[in-house]
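Here is the structure we will look at.
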């Protein structure tokens, strides 16, 4: 297993996450796709740390860190979603066009 | 003495200023004696000059003395130089004679005025005016520069105005002074234009320079004629020739001694004087000479006719002055330069005497109307005798002064044109008639108004002594001046060598034509001039014997006798019946040939023309052109505005609208409010950028 394998997996995960963020109707689906992107980045971090700095632990620590941040962010996102749902009764992204100009 | 000649006009001017500003206005002021002192000094100087000339110790014309008054830079034909304006004196023989006459008459008038103007409210001011007038007249006589002479001319007009309107509390003098000033001003415009023309053609106002130009025929004939006619117009105004003579009869509203000086002897002679100073211009313009002769004749006749029917003693004398001025002008026009100026000097003496005598009479009887006089010879012997001398002089009885000068005038007319001679002779006889009539009505026979006659008495010595002095001159001046050909030496006729326009310039350096009225050699001076180019000399023959003796011994005494017979009695029925028979003519003469009405009518025409012009300006020019143009401009601007609003603004708005619509349309295409779309764009952009950067 070389670094390239891990990077490929991480890239594919990221792309799938991008695709999902751009395509999913449901906002929760978008949030899940964003989570995927986060995981891809974490995977990348751990892989680089293992293969380039075997004695180090910076990468792993950063991965844990970002996981925490991702969790907090999803909390905020879900809170926003709940507020939106309570106000507008829908969770589909295509229904919101307040930014239309 | 001749070196101090420039003082002669200045002394009376200074005296008049001192009199005017020194001391207060007081009917018994002593300041007038200063004026008399000044005039006495000038008279002695003038007499000394004339005496030296007569004795042969002084040769005139004396060299010019000039001072530069101011100078300015000018350029003529490309060359620049400084042009000086000179003021100075030029005493030639006629000027010497005139100096004597003017100063003598002025002196006599001032002495007379001490008594006559006694107790007047503005006693002192009168003498200031008289001195100032004399200064101006003397300035004109001696001036070497025509423009300075013109200044003196105008100053004389001013003092005449002041003296005519001396008693300005009354309406008559005020009207008369305005009339005099404006009528002479009309003539002065001609003189001024002539001066400008002369300057344009000659380049100088100096008489010597102008004479030089005319002597060499450097001035075109047309310009010479126009200049001469302009000068003639000025003389017509000042010397009261027809039709500008209307002011002189009215000028009798002024004090009588002032009238004696100004409107009889001196100022009215200024016109004749200027014509004689510029006589060479008239020689170069025969048409103007002819005009002068005829104008003089007409004036003489018209005025004599008016004097025949007038009963106001001063009016008769005024008309007589106009008539005698006509004689002088006619003489000058006929080529009788010596005759004209000689008559001017003798006329000054006897006319001043006549006016002063009339003043003496008026002072005694307090009326001007001769119908209320009569028989005054018993009460006023000196006045009567002196006035008789004057009347004999003016009628032309030898050996009194007037005979010699009138005889010369008639000779000049005889040699010039018989059509002028016979009416002139008739006028001379009329002169004798009406002057004798005046004498008879005033002094001879029974008194018509007992009250006035009773109170009349001879005037005091200050009045009678000048009368006697002037009578002496009226008696002897003519005889004395013609002895030994003195008068021809004193008043030689000027000549010009070349008529204008003749191209053959007799350019010989020996001809020293720098001074006018030069020596008697006349046209023999410029030896190189072809005889055909000089002006044709007048015939020089005398009157035929029967006329030469018949006029003074038959015709004139006959006219005088007729007057005596007609007016001797207290009622003069013959005169009244003649007047009734020829009533229309009498009316014409009483209305002064309707000349006053003519001028008033001209003024009316002028007013009417001005009113018409104003109406045209107000209604036609303003309405049609100015307002109409404004309306047209308003219409144009309305059309412009319409174009602007409809087409231009619409285009501008259209383009703007197009831009807006384009933008809105494009925006609505991409800006839908869908966040995922925006994310997609971001992702595409990012990956494009990354690709481009990482694969460089």
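Residues checked against (1) over 18 Å from residue B:569 (Cα atoms); (2) without any contact (Cβ under 8 Å) to a residue 24 or more places away in the chain:
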| site | (1), (2) |
| --- | --- |
| B:362 | yes, no |
| B:370 | no, no |
| B:374 | no, no |
| B:385 | yes, no |
| B:388 | yes, no |
| B:392 | yes, yes |
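Hey, any hits in region B:397-420 for a residue that's outside any helix (DSSP H, G or I) and closer than 17 Å to residue B:296 by Cβ?
yes
Does residue A:78 count as loosely packed, with under 15 Cβ neighbours inside 10 Å, touching a residue at least 12 places away in the same chain (Cβ under 8 Å) and either away from every other protein chain (no Cβ under 14 Å) or over 21 Å from the mean Cα position of the chain (by Cα) (or both)?
So residue A:78 passes the test.
Being surrounded by fewer than 17 Cβ atoms within 10 Å (Cβ to Cβ) and either more than 14 Å from chain B (Cβ to nearest Cβ) or at pLDDT below 95 (or both): is that true of residue A:63 here?
no
If you scan region A:22-32, which residues turn out to be within 11 Å of another protein chain (Cβ to nearest Cβ) and touching a residue at least 60 places away in the same chain (Cβ under 8 Å)?
A:24, A:25, A:27, A:30
How about region B:536-627: which helices (runs of 4 or more DSSP H) wholly inside it have at least 2 residues that are assigned by TED's automatic domain parsing to the domain that holds residue B:408 and at pLDDT below 80?
Of the helices (runs of 4 or more DSSP H) lying wholly inside region B:536-627, those with at least 2 residues that are assigned by TED's automatic domain parsing to the domain that holds residue B:408 and at pLDDT below 80 span B:545-550, B:573-581.
Go through region B:665-696 and count every residue that is more than 7 Å from every other protein chain (Cβ to nearest Cβ) and surrounded by 10 or more Cβ atoms within 10 Å (Cβ to Cβ).
15
Quick check: anything in region B:646-663 more than 60 Å from the chain's Cα centre (by Cα), within 14 Å of another protein chain (Cβ to nearest Cβ), in a helix (DSSP H, G or I) and within 30 Å of residue A:20 (Cβ to Cβ)?
No.
Let me confirm something: among A:19, A:14, A:48, which residue is farther than 21 Å from residue B:674 by Cβ, surrounded by 13 or more Cβ atoms within 10 Å (Cβ to Cβ) and within 13 Å of chain B (Cβ to nearest Cβ)?
On the way: A:19 fails: farther than 21 Å from residue B:674 by Cβ; A:48 fails: within 13 Å of chain B (Cβ to nearest Cβ).
The conditions single out A:14.
When you check residue B:457 against the structure, is it more than 30 Å from residue B:212 (Cα to Cα), in contact with a helix residue (DSSP H, G or I) (Cβ under 8 Å, 6 or more places away or on another chain), at pLDDT below 90 and surrounded by fewer than 19 Cβ atoms within 10 Å (Cβ to Cβ), yes or no?
Against the criterion (more than 30 Å from residue B:212 (Cα to Cα), in contact with a helix residue (DSSP H, G or I) (Cβ under 8 Å, 6 or more places away or on another chain), at pLDDT below 90 and surrounded by fewer than 19 Cβ atoms within 10 Å (Cβ to Cβ)), residue B:457 qualifies.
Just give me the residues in region A:8-30 being over 13 Å from residue A:41 (Cα atoms) and assigned to a helix (DSSP H, G or I), in sequence order. Walk me through how you get there before you give the answer.
Going residue by residue through region A:8-30, those that are over 13 Å from residue A:41 (Cα atoms) are A:19-30.
If the condition is that a residue be over 13 Å from residue A:41 (Cα atoms) and assigned to a helix (DSSP H, G or I), then A:19, A:20, A:21, A:22, A:23, A:27, A:28, A:29, A:30 are the ones that fit.
Take residue B:612 and tell me if it is away from every other protein chain (no Cβ under 14 Å) and under 30 Å from residue A:15 (Cα atoms). Let's see the steps before the verdict.
Values: away from every other protein chain (no Cβ under 14 Å): yes; under 30 Å from residue A:15 (Cα atoms): no.
No.
With respect to residue B:27, is the statement that it is out of contact with any strand residue (DSSP E or B) (no Cβ under 9 Å at 6 or more places or on another chain) and part of a helix (DSSP H, G or I) true? Explain how you work it out, then say what you get.
On the way: out of contact with any strand residue (DSSP E or B) (no Cβ under 9 Å at 6 or more places or on another chain): yes; part of a helix (DSSP H, G or I): no.
No.
The values are calculated or read from the model by the stated rules, or taken from the named source; none is laboratory data. Owing to the predicted nature of the structure, the values given are computational and were not obtained by experimental measurement. Note that we place each Cβ from the backbone using ideal geometry, even for glycine, and neighbour counts take in every protein chain shown.
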